[in-house]
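**Q** What follows is a structure written as structure tokens; I'll ask about it next.
The values are calculated or read from the model by the stated rules, or taken from the named source; none is laboratory data. None of the values given here were measured: they were computed from a predicted structure. Cβ coordinates were reconstructed from backbone atoms using ideal geometry, including for glycine residues, and neighbour counts include every protein chain displayed. In case anyone asks, the SASA skips ligands and DNA or RNA and just uses the protein heavy atoms, side chains included. Shrake-Rupley method; radii C 1.70, N 1.55, O 1.52, S 1.80 Å.
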Amino acid sequence: MPETVKKDGTTNGRGLRVGVCGPVGTGKSSLIALLCRELSADLEIGVVTNDIYTDEDARFLRSAGVLDPARIRAVETGACPHTAIRDDVTANLIAVEELEEEFAPLDVVLVESGGDNLTATFSPALVDTQIFLIDVAGGGDVARKGGPGIERADLLVVNKTDLAPYVGVDPAAMVSDAGSVREGRPVIALSRTDPASVEELIAWVRSELTRHRGGSLVPADPGPMAPHFHADGTSHAHEHDAEHVHDHQHA
């Protein structure tokens with residue numbers, strides 16, 4: 001893609017691609033809606049959602065009025081959600097690149113994974129940086145169970161902290177548990193009703209965008225994923241050649 005002039009006057013071949021991943025029900029679509037509302041006044045944004053057999057997440061975002069509906073695309077994976085965000089990212093890359101071409105210049109493209117489990121992570125061939133979500137309603141022990149997303153995603157969000165009193169969970173303990181396994185990587189305890197936590201999230205995204213524009217953001221691979229089971233009873237582990245995807249990312 002040829003270089004385009006951004007709103008801040010800088011040039012870059014394409015916008016920042018941000019992956020949003022996490023188990024079913026952790027609030028991925030709501031977080032993307034929040035980012036769109038907070039950032040779209042001064043940034044050009046596109047969204048790609050993933051699900052196995054439906055475009056429901058895309059329809060939710062369109063109905064929320066957070067962006068021009070044409071800027072929100074859906075990928076129906078038809079298979080394990082891991083596959084389309086990590087193993088064969090072709091469908092997502094096509095959707096992202098079509099958005100970038102149609103609405104150039106885009107500053108940020110948000111890619112939402114299909115709802116899965118604690119093992120799913122994005123390929124660095126697809127996104128530049130990734131957010132992994134867990135939520136207090138999933139249980140206070142989730143953070144200390146670890147996994148590639150919890151431990152090594154660029155940002156971990158402990159979501160829905162406003163629900164903590166109703167589910168008997170201590171968000172501060174979850175953040176502490178996460179911090180003990182993340183080796184200094186950032187953790188945000190988030191609630192849409194808490195302006196300070198929302199601002200912390202927005203500041204992180206803007207910081208990643210600044211690093212991307214400056215050429216200092218290098219996509220990191222949180223994987224490999226642990227072996228996992230599918231509904232048909234089969235199990236397998238996803239392997240990834242980090243050197244190959246890094247080359248593909250910058251081709």
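**Q** Taking square-rooted eigenvalues a ≥ b ≥ c of the alpha carbon gyration tensor, is the range 155-207 rounded, prolate or oblate, where a/c under 1.5 means rounded and, failing that, a/b exceeding b/c means prolate? Mind dumping the intermediate values first?
**A** On the way: a/c = 3.24, a/b = 1.13, b/c = 2.87.
It is oblate, given that a/c is not under 1.5 and a/b is not larger than b/c.
**Q** Roughly speaking, to the nearest percent, how much of the range 136-181's 1.4 Å accessible area is carbon and sulfur?
**A** Details: 990 of 1970 Å².
Carbon and sulfur together cover 50 percent of it.
**Q** Between GLU56 and ILE94, what length in nm is gained on full extension when 0.36 nm per residue of separation is reduced by their alpha carbon distance? Intermediate values should be presented prior to the final figure.
**A** Details: separation 38, 0.36 × 38 = 13.68 nm, distance 1.97 nm.
My answer for the length gained is 11.7 nm.
**Q** OK, next. Pull out the extension gain between ALA203 and TYR166, defined as 0.36 nm times the separation in residues minus the alpha carbon to alpha carbon distance; nm, one decimal.
**A** Working: separation 37, 0.36 × 37 = 13.32 nm, distance 2.88 nm.
Taking ALA203 through TYR166 to full extension adds about 10.4 nm, to one decimal.
**Q** Expected output is a single nm value to one decimal: the length gained when fully extending between LYS145 and ARG211, i.e. 0.36 nm times separation in residues minus the C-alpha distance. What is it? Don't skip to the end; give the middle numbers.
**A** Details: separation 66, 0.36 × 66 = 23.76 nm, distance 3.05 nm.
Gain on extension, LYS145 to ARG211, equals 20.7 nm.
**Q** Let me ask something else about it. Sort SER63, SER197, SER30 from largest to smallest accessible area, using a 1.4 Å probe on the heavy atoms of the protein chains.
**A** On the way: SER63 95, SER197 5, SER30 40 Å².
Correct descending sequence by accessible area is SER63, SER30, SER197.
**Q** Calculate the length of the line joining the C-alpha centroid of the range 11-41 to that of the range 51-109, in whole Å.
**A** When both Cα centres are located, 11 Å separates them.
**Q** Under the rule a/c < 1.5 gives rounded, and otherwise a/b versus b/c splits prolate from oblate, where does the range 115-223 land using the Cα gyration tensor? Working shown, then result.
**A** Working: a/c = 2.15, a/b = 1.42, b/c = 1.51.
Oblate is the answer for the range 115-223, as a/c is 1.5 or above yet b/c matches or exceeds a/b.
**Q** Report the local net charge at GLY78: Lys and Arg +1, Asp and Glu -1, summed over other residues whose C-beta lies under 12 Å from its C-beta. Please list the in-between numbers first.
**A** Numbers: positive: none; negative: ASP51, GLU76, ASP88.
Once all neighbours under 12 Å are counted, the net charge is -3.
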